[in-house]
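Trainee: Take a look at this one; I'll ask things after.
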Amino acid sequence: MPDKLILITGATGHQGGATLRHLVKRGGFMLRALTRKPESDAAKALAAAGVEIVAGDLDDDASLARALDDAWGVYSVQNTWEAGVEKEEIQGKRLAQLARDQGVQRFVYASVSSAQKDTGIPHFDNKFRIEQTVKGLGFPSYAIIRPVFFMENLLSPWSLAGDKLAMGLAPDTKLQMIAVDDIGKFGAKAFADADRMENAEVDIAGDSVTMTEAAAALSPVVGKALTYQQIPIEQVRQQSEDVALMTEWFERVGYSADIAGTEQRYGIRALTFTDWVRTLPRHA
């Protein structure tokens with residue numbers, strides 16, 4: 001393993017950053033982080049941890065080719081909300097093709113749970129098309145990790161404001177969620193235990209809760225009693241057709257990751273929502 005180099009995209013973001021942290025903890029690999037801002041504080045912190053920092057952009061073939069030089073493995077993640085659905089798909093396919101061209105042996109793609117189920121959600125369906133590209137390129141070994149809704153999303157300003165937790169879901173709709181750090185555990189394991197996870201496709205989740213339950217659990221964190229407010233779907237659609245379609249799919253179908261089975265198979269116990277809340281700093 002010491003001679004195996006892994007390139008991590010999204011290294012200063014959520015999923016890539018969590019995967020990188022757990023790879024650093026595990027040791028045994030050379031780690032290279034792709035970033036558009038090598039002089040950022042986040043990149044400097046990674047460098048201090050022994051990670052090689054390379055400047056690159058998912059839209060720039062030449063910079064990706066340089067970043068892929070001598071790489072044994074690649075962790076591939078793109079950001080829909082930053083790139084847009086069409087551009088994200090181009091980025092994901094570009095990186096996979098370049099990685100295959102340069103002889104990468106182990107390709108791990110971060111997708112989304114249920115991407116393979118023809119949901120009709122644009123930012124799910126495009127990830128499935130990237131998955132198909134990855135599988136069709138003939139990598140010696142690949143893995144596809146499909147996380148559900150991030151628990152951290154509930155802390156964002158568009159969800160949490162004042163004494164209200166607000167989303168488009170009905171108050172009693174159960175939604176599977178996962179803590180970002182747990183995504184990193186699976187990402188790191190996909191490299192450290194590559195033989196066991198060879199060509200694996202795994203949907204991952206930690207818990208299933210309603211928004212009413214989430215608001216109650218988060219109340220001690222914000223130091224006030226939170227109440228849940230359902231946003232009318234028409235209002236959600238005005239902001240984003242993609243998010244509206246996802247919300248409606250959550251209501252009709254929803255994620256179906258096998259939490260217990262995945263834990264038994266891979267030995268990773270993902271945090272429940274209550275346990276995740278306990279990791280958060282409390283309101284002073």
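The values are calculated or read from the model by the stated rules, or taken from the named source; none is laboratory data. Every value quoted in this text rests on a predicted model; they were computed, and no experiment measured them. Virtual Cβ from ideal backbone geometry, glycine too; neighbours counted across all protein chains shown. The accessibility values were calculated without ligands, DNA or RNA, using every heavy atom of the protein model including side chains. Shrake-Rupley method; radii C 1.70, N 1.55, O 1.52, S 1.80 Å.
Trainee: Quick one: length gained pulling Ile268 to Lys164 fully straight, 0.36 nm per residue minus the C-alpha distance?
Mentor: Length gained between Ile268 and Lys164: 34.2 nm.
Trainee: Residue by residue, what Karplus-based ³J(HN,Hα) values in Hz, rounded to whole numbers, does the stretch 168-174 have, using 6.51, -1.76 and 1.60 with θ = phi - 60° and x for Gly and Pro?
Mentor: x, 6, 5, x, 9, 7, 7
Trainee: To continue, here is another question. Around Asp207, which amide H atoms from residues at least 5 apart in sequence, or from another chain, sit under 5 Å from its own amide H, with H modelled in the peptide plane?
Mentor: Result for Asp207 returns Met177.
Trainee: Using each residue's phi in the stretch 53-66, evaluate 6.51 cos²θ - 1.76 cosθ + 1.60 at θ = phi - 60° and report the 3J(HN,Hα) Karplus result to the nearest Hz, with x for Gly and Pro.
Mentor: Karplus values, whole Hz, x for Gly and Pro: 9, 10, 7, x, 9, 5, 9, 10, 4, 5, 5, 5, 4, 5.
Trainee: Next question, about the same structure. Cross-link partners among aspartates and glutamates for Lys25, C-alpha distance below 15 Å, same-chain residues fewer than 8 apart left out?
Mentor: List returned: Asp181, Asp182, Asp193.
Trainee: Treating only the Cβ of Lys, Arg, Asp and Glu as charged (+1, +1, -1, -1), what charge dipole size does the chain show about its Cα centre? Round to the nearest 20 debye.
Mentor: Computed charge dipole of the chain: roughly 660 debye.
Trainee: Roughly how many Å² of Glu248 are accessible to a 1.4 Å probe, to the nearest 10?
Mentor: Accessible area of Glu248: about 60 Å².
Trainee: If you plug each phi of the stretch 208-215 into the Karplus form 6.51 cos²θ - 1.76 cosθ + 1.60 with θ = phi - 60°, what whole-Hz ³J(HN,Hα) values come out, in order, with x for Gly and Pro?
Mentor: 3J(HN,Hα) across the stretch 208-215, in whole Hz: 9, 9, 8, 5, 5, 5, 5, 4.
Trainee: Now, a different point. Skip the ligands, DNA and RNA, and give the accessible area per residue of the chain with a 1.4 Å probe, whole Å².
Mentor: On a per-residue basis, the chain sits at 45 Å².
Trainee: Then there is this: Using 29 Å as the Cα-Cα cut-off, could you pick out the over-long pairs in Lys37/Lys93; Lys4/Lys185; Lys4/Lys44?
Mentor: none
Trainee: With a/c under 1.5 counting as rounded, go ahead and sort the stretch 202-258 into rounded, prolate or oblate using the C-alpha gyration tensor (a ≥ b ≥ c being the square roots of the eigenvalues; past the cut-off, prolate if a/b is larger than b/c, else oblate).
Mentor: Values: a/c = 2.61, a/b = 1.17, b/c = 2.23.
It is oblate, given that a/c is not under 1.5 and a/b is not larger than b/c.
Trainee: Considering only DSSP beta bridges where both residues belong to the chain, give the percentage that are antiparallel (nearest 5).
Mentor: Looking only at bridges with both residues in the chain, the antiparallel portion is about 15 percent.
Trainee: Give me the net charge of Gly136's neighbourhood, meaning all other residues with Cβ under 11 Å from the Cβ of Gly136; Lys, Arg count +1, Asp, Glu -1.
Mentor: That sum, taken over residues with Cβ under 11 Å, equals +3.
Trainee: Moving on. Taking 0.36 nm per residue of separation and subtracting the Cα-Cα distance, what length does fully extending Ser256 through Lys174 add? Write down the numbers at each step before the final one.
Mentor: Values: separation 82, 0.36 × 82 = 29.52 nm, distance 1.09 nm.
Computed gain between Ser256 and Lys174 is 28.4 nm.
Trainee: Using only DSSP helix segments of four residues or longer, with each worth -39500 (n - 2.57), what per-residue ellipticity at 222 nm results for the chain after dividing by its residue count and rounding to 500?
Mentor: Counting only the DSSP helices, I get -12500 deg cm²/dmol.
Trainee: Given H placed on each backbone N at 1.01 Å, which residues far from Gln229 in sequence or on other chains put an amide H within less than 5 Å of it?
Mentor: Close amide H contacts, sequence-distant or interchain: Leu165, Ala166, Met167.
Trainee: Follow-up. Hey, with R₀ at 35 Å, roughly what FRET efficiency would Gln97 and Ile231 work out to, going by the Cβ-Cβ distance, to 0.05?
Mentor: Approximately 0.35, to the nearest 0.05.
Trainee: What does the net charge come to around Ala215 if you take all other residues with beta carbon closer than 13 Å to its beta carbon, with K and R at +1 and D and E at -1? Write out the running numbers ahead of the final one.
Mentor: Working: positive: Lys164, Lys224; negative: Asp163, Asp172, Glu213.
My count for the surroundings of Ala215 gives -1.
Trainee: Here is a follow-up. Classify the stretch 25-106 as rounded, prolate or oblate, taking a ≥ b ≥ c as the square roots of the eigenvalues of its Cα gyration tensor: rounded when a/c is under 1.5, otherwise prolate if a/b is larger than b/c and oblate if not.
Mentor: oblate
Trainee: Let me ask you something else. Determine the shape class of the stretch 167-284: with a ≥ b ≥ c the square roots of the Cα gyration tensor eigenvalues, call it rounded for a/c under 1.5, and otherwise prolate if a/b is greater than b/c, oblate otherwise.
Mentor: oblate
Trainee: Any idea how far the Cα center of the stretch 197-274 sits from the one of the stretch 48-79, in Å?
Mentor: About 30 Å separates the Cα centre of the stretch 197-274 from the one of the stretch 48-79.
Trainee: Let me ask another. Under the rule of at least 5 residues apart or a separate chain, name every residue whose amide H is placed under 5 Å from the amide H of Ser113.
Mentor: Close amide H contacts, sequence-distant or interchain: Val148.
Trainee: Moving to a separate point now. Can you give me the % of accessible surface on the chain that is carbon or sulfur? Probe 1.4 Å, all protein chains present, nothing else counted.
Mentor: Looking at the chain in its full context, I get 50 percent from C and S.
Trainee: OK, next. Sorted by packing (mean other beta-carbon atoms within 10 Å per residue), highest first, where do 37-50, 69-82, 212-225 land? Working shown, then result.
Mentor: Values: 37-50: 13.3, 69-82: 20.1, 212-225: 16.9.
With the highest mean Cβ count within 10 Å placed first, the list reads 69-82, 212-225, 37-50.
Trainee: Another question, then. Please name which of Ala67, Gly50, Val77 has its Cα lying farthest along the dipole of the stretch 37-82 towards the positive end, using unit charges on Cβ (Lys, Arg +1; Asp, Glu -1) and the Cα centre as origin.
Mentor: Of the listed residues, the answer is Gly50.
Trainee: Follow-up question, since we're still on this one. For the stretch 142-223, give me the percentage of DSSP beta bridges that are antiparallel, rounded to the nearest 5 percent.
Mentor: 40 percent
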